[in-house]
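Reviewing the structure listed below.
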Amino acid sequence: MATWIKLSLAAVTVLAFAGGLAACAPVKVINALTPSSSYVKTADIAYGPDARNMLDIYAPAHLQGKAPVVVFIYGGTWNSGDRAEYLFVGAALASRGIVAVLADYRLFPQVRYPGFLQDSAQAVAWTASHIAEYGGDPAHLFVMGHSAGAYNAAMLALDPRWLQGAGSSPAILRGWIGLAGPYDFIPIENPDVRPAFFFPDTPRDSQPINHVSAAAPPTLLIASIKDKLVDPVRNTDGLAAKLKAAGVPVTVLHFDNTSHVSLIASMAWPLRGLAPTLDTVAGFILSDGGRKPAPSAP
């Protein structure tokens, strides 16, 4: 009976997530099912002057020495989202011995490009300066994003303007991770995205694919074959090809059983059977971006 209930909850949650992560009920279900024993949460830390410049830290409950760190940036077409909705991501990463930082950032219509990049860069720079106080190792710092958040992560890793503007540099990153990210989307087709990027006058330097160089950190790109919102061939495969041509270490994976939204949901219990997203992400981080052998998943 317990197994049947677990499978039923998973099925219901997957169906709910098919309607979009912005729907509040599915997120509440997933977060309610997320065990709290794996992490210690420090909430509502200001990293900048705006009311949206806030972050939460999820540290492993049983730290042994300094842990690797990842700043996670959520999606939402740059006009919606809240870090509290992604508790399951912070908990999942902490359960694998990783300190996770989840940051809010300003959204449209409060800002347009590049305001949200400036905020994300500030959050990463703050993390590099302060995360040792929370058990994290700033020498092993990664940035990760899903959807629009993967765009933000890509721009921080590939375009030095943003971290330099925050008093830092992409050189502080040991790697970056993009889940279902848009990296090459001019002309913009999504009407919800257009205002944030000054459509039809979208700057060409707003596209991550135009900032690839040999200086980019090791990269993990994951996409869903069934993604109907962000074309994985043009975006994930296109960026991967350009990074590989520049000599950047890149790992690319395509999952069969996830959609654009359920890809990030597959990091949560009880949805990990959809795809090995957590195992792959944790392995990349714990192997220092592929520089050393990855430990076995628990």
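In whole Hz and in residue order, list the ³J(HN,Hα) couplings for the stretch 110-121 that follow from phi through the Karplus curve 6.51 cos²θ - 1.76 cosθ + 1.60, θ = phi - 60°; x for Gly and Pro.
4, 9, 10, 3, x, x, 5, 6, 4, 5, 4, 5
Give me, ordered by chain and number, the residues 5 or more places off K226 or on other chains with an amide H under 5 Å from its own placed amide H.
T258
Pop a pseudo-label 7 angstrom from the Cα along the beta-carbon direction at both D231 and D82 and give the gap in nm to one decimal.
Placing both labels 7 Å beyond Cα along the Cβ direction yields 3.5 nm.
How large is the helix-only mean residue ellipticity at 222 nm for the chain, computed as the sum of -39500 (n - 2.57) over DSSP H runs with n ≥ 4, divided by its residue count, in deg cm²/dmol to the nearest 500?
-8500 deg cm²/dmol
In the chain, if the dipole is taken from +1 on Lys/Arg beta carbons and -1 on Asp/Glu beta carbons about the Cα centre, which of Q64, T77, I30 is farthest to the positive end?
It is Q64.
Under the 0.36 nm per residue contour assumption, what length would be gained going from the current alpha-carbon distance of K292 and V40 to full extension?
88.0 nm
What FRET efficiency do you get for R112 and L63 if R0 is 45 Å and r is their Cβ-Cβ distance, rounded to the nearest 0.05?
About 0.70, to the nearest 0.05.
Can you give the translational diffusion coefficient of the chain in µm²/s, computed by Stokes-Einstein from the Kirkwood radius over Cα pairs at 25 °C and 0.890 mPa s?
Calculated translational D: 130 µm²/s.
Exceeding 28 Å between C-alpha atoms, which entries from my cross-link table qualify? They are K242/K292; K41/K66; K28/K226; K28/K244; K28/K228; K66/K292.
K28/K244, as the Cα separations exceed 28 Å there.
List every residue whose amide H lies under 5 Å from the amide H of V40, counting only residues 5 or more places away in sequence or on a different chain, with H placed 1.01 Å from N in the peptide plane.
Residues meeting the amide H criterion: A59, A61.
Rank-order 93-103, 205-215, 219-229, 34-44 by packing density, defined as the average count of other C-beta atoms within 10 Å over each peptide's residues, highest first.
Final packing ranking: 93-103, 219-229, 205-215, 34-44.
Toward the positive end of the charge dipole of the stretch 2-286, about the Cα centre and with charges on Cβ (Lys, Arg +1; Asp, Glu -1), which of G115, Q207, T236 goes farthest?
The residue sitting most towards the positive pole is T236.
Going by amide H atoms built from the backbone, whose H comes under 5 Å of the H on D137, apart from near neighbours?
Under 5 Å from the amide H of D137 lie the amide H atoms of A67, V69, each far enough along the sequence or on another chain.
Could you run the Karplus curve 6.51 cos²θ - 1.76 cosθ + 1.60 with θ = phi - 60° over the stretch 45-58 and give me ³J(HN,Hα) per residue in whole Hz, x for Gly and Pro?
Ordered by residue, 3J(HN,Hα) equals 9, 7, 10, x, x, 7, 4, 7, 7, 10, 9, 10, 10, 10 Hz.
Could you give me the ³J(HN,Hα) list for the stretch 219-228, computed from phi with Karplus coefficients 6.51, -1.76, 1.60 and θ = phi - 60°, whole Hz, x at Gly and Pro?
10, 10, 10, 10, 9, 9, 4, 8, 5, 9
Can you tell me the dipole magnitude for the chain around its Cα centre, using point charges on the Cβ only (Lys, Arg +1; Asp, Glu -1), in Debye to the nearest 20?
Dipole magnitude for the chain comes out near 420 debye.
Every read-out reported here was derived from the displayed coordinates using simple, explicitly stated rules and does not represent laboratory data. Predicted model only: the values in this text are computed from it and were never measured. Ideal geometry is used to build each Cβ from the backbone, glycine not excepted, and the neighbour counts take in all protein chains shown.
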